[in-house]
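J.: Just passing along the structure, written as structure tokens.
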Amino acid sequence: MCANSIVSLQGASKWYGKKPGVLDCNVDIPRGKITAFVGKNGAGKTTAIKLIMGYLRPTSGRVILNGVPRTMLTVNGSIGYLPESLRFPELYSVNQLFESLAGIRGLRYREVKEFLDREAELLELQAYRKKNLRSCSKGTRQKVGIIQAFMHNPQLVVMDEPTTGLDPAVRHRFFQLLRQRQSQGVSIIISSHNLKEIESQADYYLFFDQNRIIEAIDAEKLGSGGGTCILVDRDISSTLSPKLANLSATVVEGCKVLVSNEDFLNGVISLLIGAGLQVKNVLPRKSNLEDYFLNLLAEGSERG
Amino acid sequence: MAYDTLHKILSLKVLIMSLAVVLAIVFVCLAMSDYMTAAEPAWHDLFREHISRSYIGNIYFFAQMLLTPFIVIISTLAAHDMYRGEAEQIYLTGGLRKPVAFIGRMLGMLVYILVLWWTLFLVAGFVLIFTGLGNIDLSMVDVFVKLSINSVAISLFAYFLVGLTKVAITGILPILLAQYWLTVNSNITLDTAGSALHNAVNYLLPLNTFSRFAEVDIEYFDLLMQYQDLAPWHGSLLLITFALFLFLASLELYITKQDQ
């Protein structure tokens, strides 16, 4: 286990009868960072989250939380949680729910009131504080869920599809809130299948496919892993494409040549100039999360 | 947690339905008790005791037939939410231990069940007083206490089944058992010996109200006559042991098998 990890999955698998939930997960989730679980629906993200939270018992392997192996009786004292679907008691108002949760978590309402006011302001929830939860929209209930997850000042916050039902402005503020909390040392795990939304929001990505973690990578490495893009003055897909195809890790897209291996960069540029083309620009190509994920899936299916 | 459970259970629909069931039991029983047909003051005086007995007897019977199943259905829904609802998991963050959460939930359910029976008792008692049919006496309190404890045990049975199978529909099975219990104890008029099955049921789910039924002097309850010589603690002890077992089994399931 990595010394600086808040959660470690060590060979953790979960089977629902004969159906796999997640299989053989081995990963260290870094402390004090935002970690994103990325994958298609049913890829195993939610099961992994439930294993971390201790709501499921691994069929094999184990989950280490803060250096201590989890059991079904481990108390989630310093953990905040937002599940995928929320159903609150309908006769509560938003404030009453916060009051009740504060009481259950051993906090006095007035201790958390300032926090609640601040976060409610940020997520535009103030107008709904006295409203009955029954009459609140899905988005409003989601905001309530987000705020309650941070209410007891946890060291780890786990959120399953947290932006469901949020409008773009609030979604932006939500990620602001995550960054703010992360800068205070809180470790955050979020899951999403919306790659565009989660791109550039996390520091560490875990990719799930077919109930396995297929890749764990730092955001920095992900961003710099895209190679280089060379822009030329005309479309070369039909003329130079076959020649360039001989060089591995080189792709031609119209006026663009994408070189993913830096060793070939000079050779490709020489070849382009030698063919009488004008090189207009050479840019580092930032890999986008979606491309990266789709490549991983393609590699996976090639491996069979 | 118990307070939260009450909020969880009592949606507006459940609140209205609970009151509707209680009022329906009280007033349907009154309507069935010859109170309407013997409305003249002289007839009233003459048949007061008869009407009163039949009214109270109907209340006991319909309460078991309607209120206990209603409570089991509500318990089943609450149990399903507790074992399988994702929102339950947010309560288990921030330092609350699972056994404490479970006990809190049970206490909330207990309060709901007892308040429901208490409301029925009060409304039935007021009707008794306002119609001039009689007064609330200790024996009536005694039967209501026994019936409500019985409801608690059957509800725990529903919790246990939902926890075990994760399927809400199995939690409704105790209703069938309760109805069967009611049937064997009110409809068998000839065979007082009781079969092995009847005896087994008697030992498993004693309603423990037979000493009161005996006073009513209706031969319907003769299956229970054979137990008249047994001390009342016998049934109570079995019921409490049974409820305790179900409570511990449900607690174990809540802690270890919240798997979805």
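The values are calculated or read from the model by the stated rules, or taken from the named source; none is laboratory data. Here the structure is a predicted model, which means the values were calculated and not measured. When we count neighbours, we look across all protein chains shown, and the Cβ atoms used for this are built from the backbone with ideal geometry, even at glycine. Protein only, heavy atoms only, side chains kept; ligands, DNA and RNA dropped before computing areas. Shrake-Rupley method; radii C 1.70, N 1.55, O 1.52, S 1.80 Å.
J.: Taking the stretch A:106-137 as the search range and keeping residues that are open to solvent by 20 Å² or more (accessible area, probe 1.4 Å) and not in a helix (DSSP H, G or I), which one is nearest to the other protein chains (Cβ to nearest Cβ)?
T.: Result: A:106.
J.: Quick one: would you say residue A:188 is part of a strand (DSSP E or B) and either open to solvent by 10 Å² or more (accessible area, probe 1.4 Å) or touching a Phe, Trp or Tyr at 6+ places or on another chain (Cβ under 9 Å) (or both)? Full working, then the answer.
T.: Values: part of a strand (DSSP E or B): yes; either open to solvent by 10 Å² or more (accessible area, probe 1.4 Å) or touching a Phe, Trp or Tyr at 6+ places or on another chain (Cβ under 9 Å) (or both): no.
In short, no.
J.: A further question follows. Check the stretch A:195-212 and report whether any residue there is on the phi > 0 side of the Ramachandran plot, of a type in the set (Asp, Glu) and within 12 Å of the chain's Cα centre (by Cα). If you could, list the steps in order and put the result at the bottom.
T.: Initial filter on the stretch A:195-212 (on the phi > 0 side of the Ramachandran plot): A:200, A:210-211.
Next, only the ones that are of a type in the set (Asp, Glu) stay: none.
No.
J.: Could you pull out every one of the strands (runs of 3 or more DSSP E) wholly within the stretch A:194-238 that has 1 or more residues that are without any contact (Cβ under 8 Å) to a residue 24 or more places away in the chain and among the charged types (D, E, K, R)?
T.: The qualifying strands (runs of 3 or more DSSP E) are A:212-218.
J.: If you check every pair at least six apart or on different chains, which have Cβ atoms under 7 Å apart with a residue in the stretch A:107-132 that is closer than 24 Å to residue B:1 by Cα first and a residue that is among the aromatic types (Phe, Trp, Tyr) second?
T.: A:116/A:98
J.: One residue is enough: does the stretch B:75-96 have a residue meeting the conditions open to solvent by less than 10 Å² (accessible area, probe 1.4 Å), over 20 Å from residue A:83 (Cα atoms) and either in contact (Cβ under 8 Å) with a residue 40 or more places away in the chain or hydrophobic (A, V, I, L, M, F, W, C) (or both)?
T.: Yes, the conditions are met somewhere in the stretch B:75-96.
J.: Only one residue in A:65, A:51, A:82 is open to solvent by 10 Å² or more (accessible area, probe 1.4 Å), within 22 Å of the chain's Cα centre (by Cα) and touching a residue at least 40 places away in the same chain (Cβ under 8 Å), so which one is that?
T.: That would be A:65, the only listed residue that is open to solvent by 10 Å² or more (accessible area, probe 1.4 Å), within 22 Å of the chain's Cα centre (by Cα) and touching a residue at least 40 places away in the same chain (Cβ under 8 Å).
Residue by residue, here is whether (1) under 25 Å from residue B:47 (Cβ atoms); (2) within 14 Å of another protein chain (Cβ to nearest Cβ); (3) surrounded by 19 or more Cβ atoms within 10 Å (Cβ to Cβ) holds:
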site	(1), (2), (3)
B:100	no, yes, no
B:103	no, yes, no
B:133	yes, no, yes
B:136	yes, no, no
B:157	no, no, yes
B:172	no, no, no
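J.: With the condition kept exactly as written, say whether any residue in the stretch B:26-34 is without any contact (Cβ under 8 Å) to a residue 60 or more places away in the chain, closer than 30 Å to residue A:84 by Cβ and open to solvent by 70 Å² or more (accessible area, probe 1.4 Å).
T.: No, the conditions are met nowhere in the stretch B:26-34.
J.: Of all residues in the stretch A:138-155, which are among the β-branched types (Val, Ile, Thr) and either outside any helix (DSSP H, G or I) or within 13 Å of chain B (Cβ to nearest Cβ) (or both)?
T.: A:144, A:146, A:147
J.: When only residues in the stretch B:105-124 that are crowded, with 20+ Cβ neighbours inside 10 Å and within 19 Å of residue B:23 (Cα to Cα) count, which is farthest from the other protein chains (Cβ to nearest Cβ)? Working first, answer last.
T.: Going through the stretch B:105-124, the residues crowded, with 20+ Cβ neighbours inside 10 Å turn out to be B:105-106, B:108-109, B:112-113, B:116-117, B:120-121, B:124.
Subsequent filtering for residues that are within 19 Å of residue B:23 (Cα to Cα) retains B:112-113, B:116-117, B:120-121, B:124.
Values: B:112: 13, B:113: 18, B:116: 17, B:117: 22, B:120: 22, B:121: 25, B:124: 27 Å.
Applying the filter and picking the extreme gives B:124.
J.: Hey, any hits in the stretch A:153-167 for a residue that's more than 17 Å from the chain's Cα centre (by Cα), open to solvent by 20 Å² or more (accessible area, probe 1.4 Å) and on the phi < 0 side of the Ramachandran plot?
T.: The answer is yes, given that some residue of the stretch A:153-167 is more than 17 Å from the chain's Cα centre (by Cα), open to solvent by 20 Å² or more (accessible area, probe 1.4 Å) and on the phi < 0 side of the Ramachandran plot.
J.: Next up: With hydroxyl-bearing (Ser, Thr, Tyr), more than 13 Å from chain B (Cβ to nearest Cβ) and touching a Leu at 6+ places or on another chain (Cβ under 8 Å) as the only criterion, which of A:47, A:74, A:35 stands out?
T.: The conditions single out A:35.
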